[in-house]
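J.: My questions all concern the structure below.
The values are calculated or read from the model by the stated rules, or taken from the named source; none is laboratory data. Since this is a predicted model, take the numbers as computed values, not measurements. Counting neighbours? That spans all protein chains shown, and the Cβs are built from the backbone with ideal geometry, glycine included. Surface accessibility is based on the protein's heavy atoms, side chains included, excluding ligands, DNA and RNA. Shrake-Rupley method; radii C 1.70, N 1.55, O 1.52, S 1.80 Å.
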Amino acid sequence: MKALQSAAALLLCLFFVLPFAGCSREEESNAGKSFTYHLTREPSTLDPQIAQGEDAAVVINALYEGLARLDEDGNAVPGAAESWESSDGFTTYTFHLKEGATWSDGKTPVTAADFVYAFQRALEPQTASSTCEPMLCLKNARAVQAGDMAVTELGVYAQDEYTLVVELEFPLEDFPVLTASPVFMPCNQEFFQGTAGRYGLNYACVLGNGPFVIDGRYGWDPGKRINLTASRTYQGTVLPSDLKLPLGSSEVDVSDPVEAVASGTVDAIALTAEEAAEAEERGCTITSFQDTVWGLCFNLSSASAPELANENVRKAFLLSLSREALLENIPSGAEAAEGAVPPAVSADGGSYREQAGPIAFPAQAEDPAALMQAGLAELGAESPPSITILCPEDPQVTAMVNSILVVWNNTFGQYFNMAPLEESALQSRVSAGDYSVALCSFQPGGNDPVALLSLFETGAAGNVTGFSLAEYDSLVEQARFQSGEEKLASCLAAETMLAERAVFLPLYYGEHCFASAPGVTGVVFRPYGGGIDFTRAGKE
């Protein structure tokens with residue numbers, strides 16, 4: 001009997017110790033806690049190859065794991081791959097997967113073939129992935145995406161069951177960092193095909209390899225919540241016991257986001273800069289990223305002001321302004337923009353902005369009225385278009401816009417207006433193209449200057465300006481396949497062109513802020529809508 005009792009005691013100890021193997025003493029003391037994060041909207045799919053938005057990224061990063069994970073500093077660390085090496089000047093990478101790792105069914109091994117299939121599926125034309133831009137660095141990716149080459153020609157193959165080889169179009173020293181993003185997550189071909197087109201749409205059609213799993217058949221209750229629990233098959237460290245992701249106001253009250261996080265109703269939340277300052281005073285830990293650029297944006301396809309399609313008309317408006325005078329009214333704490341690409345974006349392992357330096361902003365015109373008349377003459381029009389500038393409801397920003405209106409009214413002899421809006425309403429109007437001129441923001445969809453610049457390419461999904469210029473498109477396309485000084489030069493030229501052509505004038509950089517509740521540690525936030533990592537989250 002004593003022997004049985006001793007064995008039972010040993011098993012009980014192992015039950016508690018093994019899940020936290022590799023943890024520090026401090027991590028062990030904070031482990032096993034439940035965490036809550038409110039999703040602003042329900043992901044339309046949890047298919048990593050096509051899912052969009054920060055809310056989807058939060059869930060997918062919990063359910064799946066790429067070849068690498070990112071640490072708190074954004075560096076690549078082992079994920080599904082335990083190690084990797086590069087060759088041929090950072091154009092070929094060999095990843096060595098962890099043997100013994102399984103999918104969340106607990107029996108199917110995660111193999112190199114799962115990554116090959118995922119990469120190929122993301123770039124297949126019929127998948128129509130809008131998030132596969134980071135994958136265009138893969139050899140033959142552009143041709144595969146265009147349907148000009150078979151997916152089997154993509155630069156990725158399984159050397160053996162646990163060895164994956166990835167070939168790139170150009171040297172990319174930080175490629176392992178990219179593999180931590182959702183679109184690079186693995187996909188089991190047999191399971192995918194068995195879902196008959198419903199992959200990622202419900203509990204039964206999700207098969208992950210990450211630190212968490214959906215908490216049973218009713219863990220995903222559409223419109224209400226997505227509840228996750230720590231995976232028993234994951235080989236890495238997972239400190240939380242579960243992760244609750246409520247949807248909507250019926251599950252958790254976040255109408256006052258500062259109160260929600262300061263009181264511990266939620267353990268982390270996104271806040272405005274003003275809210276973040278208040279939350280910090282209440283003991284919350286704040287993480288912020290200068291990953292947004294605000295500026296004066298012209299709509300070249302405006303229905304209400306079609307004259308803005310003319311470059312001279314736009315230049316007349318833009319070059320009548322003194323940049324120095326405008327910057328006197330940027331929001332408190334904001335930093336004057338040096339270009340369209342914000343400071344948080346990196347290139348070749350360093351800050352793009354620091355390496356590229358500021359753009360050459362166009363000088364104020366001596367006779368902007370003459371520019372306006374030249375543009376109107378080209379159009380056969382007699383008077384400047386009627387314009388209302390959309391802008392955020394910020395006293396300093398509205399003061400800036402008012403100073404613009406004073407200049408325009410005096411210079412062009414016509415009355416122009418402004419329409420201050422809540423930020424969400426402003427972004428909605430701009431996204432719909434329902435504006436002529438707006439002081440609005442742009443945020444890159446990834447950690448690359450091209451991610452921001454591509455928003456102004458001809459026909460791009462995020463091109464809210466209607467700008468279309470072959471010379472600009474060529475610069476951005478070149479930058480996609482360049483690195484080092486060549487890439488910096490192409491991107492800087494593209495940034496400069498947006499201002500010179502009076503499409504977008506960068507004014508100041510904005511922040512995205514997140515707060516962790518008092519006593520909460522180890523939550524890692526990602527810029528550019530990259531989601532949140534709760535795997536090492538703890539509570540003191």
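J.: Only helices at least 18 Å long along their axis, Cα-based, and averaging -0.5 or more on Kyte-Doolittle count here, so list those DSSP H runs from the chain.
T.: Span-like helices, by this rule, are 2-17, 395-412, 484-500.
J.: Under a crude label model (7 Å from the Cα following the beta-carbon direction), how far is SER474 from ASP256 in nanometres?
T.: The answer from the label model is 5.9 nm.
J.: With no solvent and one point per C-alpha, what does the Debye sum give as log10 I(q)/I(0) for the stretch 112-162 at q = 0.24, 0.27, 0.29, 0.31 Å⁻¹?
T.: Each listed q maps to, in turn, -0.84, -1.02, -1.14, -1.26.
J.: Where the convex hull is taken over the Cα atoms of the stretch 303-342, what is its projected area averaged over directions, in nm²?
T.: If you wrap the Cα atoms of the stretch 303-342 in a convex hull and average its projections, you get 4.3 nm².
J.: Could you check what % of the DSSP bridge pairs in the chain are antiparallel, to the nearest 5?
T.: Antiparallel bridges: around 85 percent, rounded to the nearest 5.
J.: Right, here's the next one. Rounded to the nearest whole Å², what accessible area per residue is found for the chain with the 1.4 Å probe?
T.: I get 43 Å² per residue for this part.
J.: Sticking with this one: With a/c under 1.5 counting as rounded, go ahead and sort the stretch 420-468 into rounded, prolate or oblate using the C-alpha gyration tensor (a ≥ b ≥ c being the square roots of the eigenvalues; past the cut-off, prolate if a/b is larger than b/c, else oblate).
T.: oblate
J.: For the stretch 208-286, build the convex hull from the C-alpha positions and give me its volume per residue in Å³.
T.: Hull volume over Cα atoms, normalised by residue count, gives 117 Å³.
J.: Separate question: When only the heavy atoms of the protein chains count and the probe is 1.4 Å, how do GLU486, GLU251 rank by accessible area, highest first?
T.: So the residues, ranked largest to smallest area, are GLU486, GLU251.
J.: Cβ under 9 Å from PHE289's Cβ, PHE289 left aside: what net charge do those residues give with Lys, Arg +1 and Asp, Glu -1?
T.: -1
J.: What percent does the relative contact order of the stretch 134-197 come to when contacts are Cα pairs within less than 8 Å and at least six residues apart?
T.: It rounds to 26 percent for the stretch 134-197.
J.: Now a separate question. In a shell of Cβ-Cβ distance under 14 Å around GLY219, excluding GLY219 itself, what net charge do Lys and Arg (+1) and Asp and Glu (-1) give?
T.: -1
J.: Using a 1.4 angstrom probe on heavy atoms only, work out the carbon and sulfur share of the accessible area of the stretch 348-465 in %.
T.: 48
J.: Starting from the Cα of GLU99, step 7 Å toward the Cβ, then list every residue of the stretch 109-144 with an amide N under 18 Å from that point.
T.: 109-114
J.: What translational D, rounded to a whole number of µm²/s, comes out for the stretch 469-540 from Stokes-Einstein when the hydrodynamic radius is the Kirkwood one over Cα pairs, at 20 °C and 1.002 mPa s?
T.: Using the Kirkwood radius from Cα pairs, D works out to 137 µm²/s.
J.: What Kirkwood hydrodynamic radius do you get for the stretch 46-113 when you take the inverse of the mean 1/r over all pairs of distinct Cα atoms, in Å?
T.: 13.7
J.: On a 27 Å Cα-Cα criterion, which of the cross-link pairs LYS107/LYS224; LYS98/LYS139; LYS98/LYS224 come out too long?
T.: LYS107/LYS224; LYS98/LYS224, as the Cα separations exceed 27 Å there.
J.: So, one more: Under Stokes-Einstein, with the Kirkwood radius over Cα pairs standing in for Rh, what whole-number D in µm²/s applies to the chain at 37 °C and 0.692 mPa s?
T.: For these conditions, the coefficient is 130 µm²/s.
J.: Under 1.5 on a/c is rounded, so check that first for the stretch 125-263, then, if it is not, pick prolate when a/b is larger than b/c and oblate when it is not; a ≥ b ≥ c are the square roots of the alpha carbon gyration tensor eigenvalues.
T.: prolate
J.: Once you have all Cα-Cα distances for the stretch 93-192, histogram them in 5 Å bins from zero and send the whole-percent values.
T.: Bins of 5 Å from zero give 2, 13, 24, 27, 19, 11, 4, 1 percent of pairs.
J.: Separation of the stretch 104-178 and the stretch 489-531 by C-alpha centroid, Å?
T.: 27
J.: Among ASN188, LEU207, PHE175, whose Cα projects farthest towards the positive end of the dipole of the stretch 161-217, with charges put on the beta-carbon of Lys, Arg (+1) and Asp, Glu (-1)?
T.: LEU207
J.: Sum up the charges of everything whose Cβ sits under 13 Å from the Cβ of SER468, counting Lys and Arg as +1 and Asp and Glu as -1, but leave SER468 out.
T.: Net charge in that neighbourhood comes out at -3.
J.: Kindly provide the trypsin sites (Lys or Arg not before Pro) of the stretch 213-252 that DSSP labels as loop, not H, G, I, E or B, and whose Cβ sees at most 14 other Cβ atoms within 10 Å.
T.: Sites meeting the loop and neighbour criteria: ARG217, LYS224, ARG232.
J.: I need the fraction of alpha carbon pairs in the stretch 438-514 separated by more than 21 Å, rounded to a whole percent.
T.: 24
J.: Under the Karplus relation 6.51 cos²θ - 1.76 cosθ + 1.60, θ = phi - 60°, what is the ordered set of whole-Hz ³J(HN,Hα) values for the stretch 64-80, x standing for Gly and Pro?
T.: Those phi angles translate into 10, 9, x, 4, 10, 10, 10, 7, 5, 9, x, 8, 6, 10, x, x, 5 Hz.
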